Amino acid sequence: MRYFPLFLDLRGRLVVVVGGGTVAERKVELLAASGARLLVVAPRLTAALAAAARRGRLEHRARRFEAADVDGARLVVAATGDPGVNRAVAGAAEAQGVVVNVVDDVELSSGIVPAIVDRSPLLIAVSTAGTAPALARRVRAQIEAALDESLGRVATFAAAWRTRIKAALTDLDRRRRFYDWLLEGPAAELIRQARLPVAERVVAAELERQRGAVAARPPRGSGSVALVGAGPGDPGLLTLAALRALQGADVVLHDRLVSGAVLALARRDAQLVEVGKSAGGHRVAQRRINELMVLHARAGRRVVRLKGGDPLVFARGGEELEHLRRAGISFEVVPGITAALACAAYAGIPLTHRDHSGSLRLVTAHCRESIDATDWQSLAAGRETLAVYMGVAALPQLCAALLRHGRSAATPVALVENGSRPEQRVVVGSLGDIEAQAARHAVRSPALLIIGEVAALARTLHWFGEAPAGAFPQGASRSAA
Ligand code: SAH
């Protein structure tokens, strides 16, 4: 072990930073979070450091470094970029036995500053002994992603209960098990869901139950369901909350549309179950999905119900939540990037645009019923952008209905197939000819239809995959492209 890890209590202690440039500024920002008393020695300061000095956040000595500046310091940081000055600072600190960190100079430093993940009171420090800062940054990013934001809140909550827990559970083993339950079980979930009063009640009840327990029984398990949006396919478009849910899952019930790359992020020993709905078998499949969620949750498992895009956009997520509520199963919802947002972004189509469209409608043309029930009059009127889900099969009826109700045949249209995935294709045309274009290019599901003047911007703003195939009508959409 080349360096000994140690967390310093710097509240109210003197920390001397030598240097007043941007590097010093970053160090000062970090050190300020520790509550240290800051002295900055430098002839000149950046605007931000000068402002901090004016506000009394730090003391500024506006001159070059002198050895006596380190007197009484707990820690000295040299951030001048001048090797001669840095060496003088290191020498002065060393002479007084004060820990010194010289930025980007391990040789001159007696202490090095780790990369940190801050979930205070939980703090994780990563060091490669100064040999591979890029690696330290990567490890840090991985830890950032793995430890969700709410962990600090959970730790603070646990700290507030510490005395009570200690008094109630004198047996060390039992206490440890209780903490495991507290940090991972339903209480932590409630804290994450910002339901503190309920969390308090749950913890109090469990503590009471554990105290009364004759033998140290394992805490009661309680399953739950997270309804999670997997996004359009690219795992980079998952939210951190979705990743956390996947990594904590015992069972993942996923749709067919969810990509393999996303499923690969689930906890290694999680049970993956495809519950895709084949055409025709919808109603049966939905009932089965509802049953499975309840079954697994009642068995104490953490269930992730994973859906493509967003779970509450054309995904029957609402019905699944209603079912869970009726069954008394607790749940949370993690939104995902819905196809309209992903396809538009990856095709270079701004869904709203000051010059072309001020509103967006998400519609579906899934089947006969949904087509008949649609208010075409209002869809065809105006210039709003339409994002049509599940519209490939019904494309002829869809275009015909919009034309019949007065939307111009020259309205630009883009079909985005497999949006955001490596195999993405974009086919463009107009309301009058997109049907022919789709047939010519054999567009298949999953594909999203974007109708409106904004679609023409794909011609100039495309950036992902191949350039759009097909062509916009001459003249009609020039203004938008
Ligand atoms: N809940 C999903 C929608 C499910 S309906 C969401 O929020 O995105 C399924 C339809 O979504 C498909 O028929 C298609 O129109 C659209 N879709 C989903 N993923 C897509 C993708 N990667 N590219 C294009 N369209 C997609």
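The values are calculated or read from the model by the stated rules, or taken from the named source; none is laboratory data. Bear in mind the structure is a predicted one, so any value in this text is a computation, not a measurement. Positions of Cβ are backbone-derived with ideal geometry, glycine not excepted, and every protein chain shown enters the neighbour counts. Side chains are part of the model used for accessible areas, which takes the heavy atoms of the whole protein and leaves out ligands, DNA and RNA. Shrake-Rupley method; radii C 1.70, N 1.55, O 1.52, S 1.80 Å.
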key: Between the stretch 161-208 and the stretch 26-92, the alpha-carbon center distance in angstrom   = 44
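Give the percent of DSSP beta bridges with both residues in the stretch 224-337 that are antiparallel, rounded to the nearest 5.
Values: 1 of 19 bridges.
Of all bridge pairs located within the stretch 224-337, approximately 5 percent are antiparallel.
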task = With an 8 Å cut-off on Cα pairs and a minimum separation of 6 or more residues, tell me the relative contact order of the chain in percent.
result = 9
message = How large is the accessible surface of Y179 in square angstrom, using a 1.4 angstrom probe and rounding to the nearest 10?
response = 60
Rounded to the nearest 10 Å², the accessible area of D375 at probe 1.4 Å = 90
key: Cut-off under 5 Å, modelled amide H: who pairs with V258 long-range   = G308
Expected 222 nm ellipticity per residue - DSSP helices of 4 or more, -39500 (n - 2.57), all of the chain, to 500 = -11000 deg cm²/dmol
The chain: angle of helix 196-212 to the longest principal axis, Cα-based, in degrees nearest 10 = 70
ask   = Say R0 is 35 Å: what FRET efficiency, to the nearest 0.05, do R11 and A134 get from their beta-carbon distance?
value = 0.60
message = Under 5 Å between amide hydrogens, which residues at least 5 positions from G470 or on another chain qualify, with H placed 1.01 Å from N in the peptide plane?
response = V428
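I'd like to check one number: the per residue accessible area of the chain, probe 1.4 Å, reported in Å² as a whole number. Could you put the intermediate results ahead of the total?
On the way: 24710 Å² over 481 residues.
I get 51 Å² per residue for the chain.
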message = Multiplying the sequence separation of T460 and A205 by 0.36 nm and subtracting their Cα-Cα distance, what value in nm do you get?
response = 85.7 nm
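Where does each of S378, S445, S109 land when they are ordered by accessible area, with a 1.4 Å probe and the largest first? Before the final figure, lay out each step's value.
Values: S378 40, S445 95, S109 15 Å².
Putting S378, S445, S109 in descending order of accessible area: S445, S378, S109.
According to the square roots a ≥ b ≥ c of the eigenvalues of the Cα gyration tensor, what is the shape class of the stretch 55-97, taking rounded for a/c under 1.5, prolate for a/b larger than b/c otherwise, and oblate for the remainder? Provide the component values of the computation, followed by the final result.
Working: a/c = 1.97, a/b = 1.27, b/c = 1.55.
Taking the square roots of the gyration eigenvalues as a ≥ b ≥ c, the stretch 55-97 is oblate.
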query = Relative contact order (percent) for the stretch 14-113, with alpha-carbon contacts under 8 angstrom and 6 or more residues of separation?
reply = 27
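Give the carbon-plus-sulfur fraction of the accessible surface of the chain in %, rounded to a whole number; probe 1.4 Å, heavy atoms of protein chains only.
Its accessible area is 54 percent carbon and sulfur atoms.
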Length released on extending from R87 to E66, taking residue separation times 0.36 nm less the Cα-Cα span = 6.4 nm
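For the stretch 14-113, take N as its residue count and report Rg(C-alpha) divided by 2.2 N^0.38 Å.
Details: Rg = 11.9 Å, N = 100, 2.2 N^0.38 = 12.7 Å.
Relative to the rule-of-thumb radius for its length, the stretch 14-113 sits at 0.94.
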task = Work out from phi, with θ = phi - 60° and the Karplus expression 6.51 cos²θ - 1.76 cosθ + 1.60, the ³J(HN,Hα) of each residue of the stretch 291-299, listed in order in whole Hz, and give x for Gly and Pro.
result = 4, 4, 4, 5, 4, 5, 5, 5, 7
FRET efficiency for R354 and F4, using Cβ-Cβ distance with R0 set to 51 Å, rounded to 0.05 = 0.30
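So if R0 is 51 Å, what FRET efficiency would E107 and A469 give, r being the distance between their Cβ atoms, rounded to the nearest 0.05? Don't jump to the answer; show the numbers that get you there.
On the way: r = 59 Å, r/R0 = 1.15.
Approximately 0.30, to the nearest 0.05.
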query = Which angle from 0 to 90°, rounded to the nearest 10, does the C-alpha axis of helix 317-327 make with the longest principal axis of the chain?
reply = 70
inquiry  = Based on Cα coordinates alone, diagonalise the gyration tensor for the stretch 151-212, multiply each eigenvalue by 5, take square roots, and list the semi-axes in whole Å, largest first.
reply    = 19, 12, 10
task = Subtracting the Cα-Cα distance from 0.36 nm times the residue separation, let me have the gained length for D269 to A327 in nm, one decimal.
result = 18.2 nm
key: Estimated vicinal HN-Hα couplings, Hz - the stretch 179-191 in sequence order (Karplus 6.51, -1.76, 1.60; Gly, Pro = x)   = 5, 4, 4, 5, 7, 10, x, x, 5, 4, 5, 5, 5
inquiry  = Placing one identical point scatterer on every Cα of the stretch 340-480 and ignoring solvent, what is log10 I(q)/I(0) from the Debye formula at q = 0.09, 0.15 Å⁻¹?
reply    = -0.21, -0.63
request  = Keeping every protein chain in place, order K166, K27 by accessible area at 1.4 Å, biggest value first, i.e. largest first.
outcome  = K166, K27
